[in-house]
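Contents: one structure, followed by commentary.
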């Protein structure tokens, strides 16, 4: 289809696309935002709202001494729409920032719809604009479920084959269907009432559970699909293939949780996290899966306290498409061969809600600057923003893989620092660098 000649066009109304559009509009740039829903839905999407969360409802740790907590703090400092939405719609989740996904998407949608500089077009863009078209700047933020047509268009523009792996989605269960005589409320290592529901297992129950899980029927990939999973979002069946104790040292880890019925740590635990403010639904933490729907219901009802569980969403797998950033991206998020085209979100090669949004934020700022004839800006490498950019553009291409933010991506601290203090030191250095950089950027003409 033909794209209208706005100053900046954003293709995709997910987290990254909405953040990019918002940031550009905040700089006074007119934005055309394309979103294919509700005309077309990907295999993982259900809602017509913008910024729909299709996997977990958690934005992970909010502690500034953690890498993702630091990234969120930087995003707040930069006026992130997505972080503002999260703050307005958050639900209790211990030290994590989790949201009511419906209210979260409604908040973002309303903000975008009411912005006079943003025009939303509910239609699918299947092909990138050709170089030299009337359109000045485009941000591609179609996400991990980019359509085959758009992916092929991107391949034609880059000259490089895109890569793909599969993410797995965790089930959601109705609170009223849970047996609270067995399940207990607690957060790991927390002496208070806690924010997580915990389904305890003894050794026999755990062994029976993993035996059934191992022989359960799974959704088989199509013949042309090659599965490559992200390590931070492995299906539970894949984890189990690595050893019978893997789950007990992973999402079913009982450490730091005391069952009030016994006064001891269970042998294993399945944790449930609030899915909405009303407390009517819970997410099975870390239980991404590729089991068939019938097998999910059968096996997950073996979990103590979930014998009568009613599921409002069952787990599934979906494709995650991304490019090899070091080969095709500049630190400004512009494509080397197409400086009028920027990539944002997971398609750029980051993993996670927060990371995708952060890249959208930077793409929106640079898209607006380029659209007005200015120069793009690049955050300092000491910041979480800069660490992500470094990962996307300086990693050895043969070793490149989508990544969450982590302190291993940051430049090392110059002074020797005790391990327990490193997160704090990374945060202090990053925020000082970010504030100085933003002051310099604000002094430039956009």
All positions within segment 57-84 that are assigned to a loop (DSSP other than H, G, I, E, B) and out of contact with any strand residue (DSSP E or B) (no Cβ under 6 Å at 6 or more places or on another chain): 63, 64, 65, 66, 78, 79, 80
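One line per residue, one yes/no per condition, for (1) outside the structural domain of residue 219 (by TED's automatic domain parsing); (2) within 30 Å of residue 87 (Cβ to Cβ); (3) over 24 Å from the mean Cα position of the chain (by Cα):
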residue: 239; (1), (2), (3): no, no, no
residue: 243; (1), (2), (3): no, no, yes
residue: 247; (1), (2), (3): no, no, no
residue: 265; (1), (2), (3): no, no, yes
residue: 275; (1), (2), (3): no, yes, no
residue: 279; (1), (2), (3): no, yes, no
residue: 284; (1), (2), (3): no, yes, no
residue: 290; (1), (2), (3): no, no, no
Would you pick out the residues in segment 21-35 that are assigned to a strand (DSSP E or B) and touching a helix residue (DSSP H, G or I) at 6+ places or on another chain (Cβ under 6 Å)? 31, 33
Being in a helix (DSSP H, G or I), out of contact with any helix residue (DSSP H, G or I) (no Cβ under 7 Å at 6 or more places or on another chain) and over 20 Å from residue 12 (Cβ atoms) is the filter here, so list the residues in segment 85-101 that pass it. 87
Would you check if residue 417 is at pLDDT 90 or above and over 30 Å from residue 7 (Cβ atoms)? yes
Elements of type strands (runs of 3 or more DSSP E) contained in segment 109-178, each with 3 or more residues being modelled with pLDDT under 90 and surrounded by 18 or more Cβ atoms within 10 Å (Cβ to Cβ): 163-169
Meets criteria (in the same structural domain as residue 355 (by TED's automatic domain parsing), without any contact (Cβ under 8 Å) to a residue 24 or more places away in the chain and out of contact with any helix residue (DSSP H, G or I) (no Cβ under 7 Å at 6 or more places or on another chain)) for residue 418: yes
With the checklist (1) under 30 Å from residue 97 (Cβ atoms); (2) at pLDDT below 95; (3) surrounded by fewer than 19 Cβ atoms within 10 Å (Cβ to Cβ) in hand, flag the one item residue 336 doesn't pass. (1)
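The values are calculated or read from the model by the stated rules, or taken from the named source; none is laboratory data. The model shown is predicted, which means the values in this text are computed figures rather than measured ones. Backbone-built Cβ (ideal geometry, glycine too); neighbour counts: all protein chains shown.
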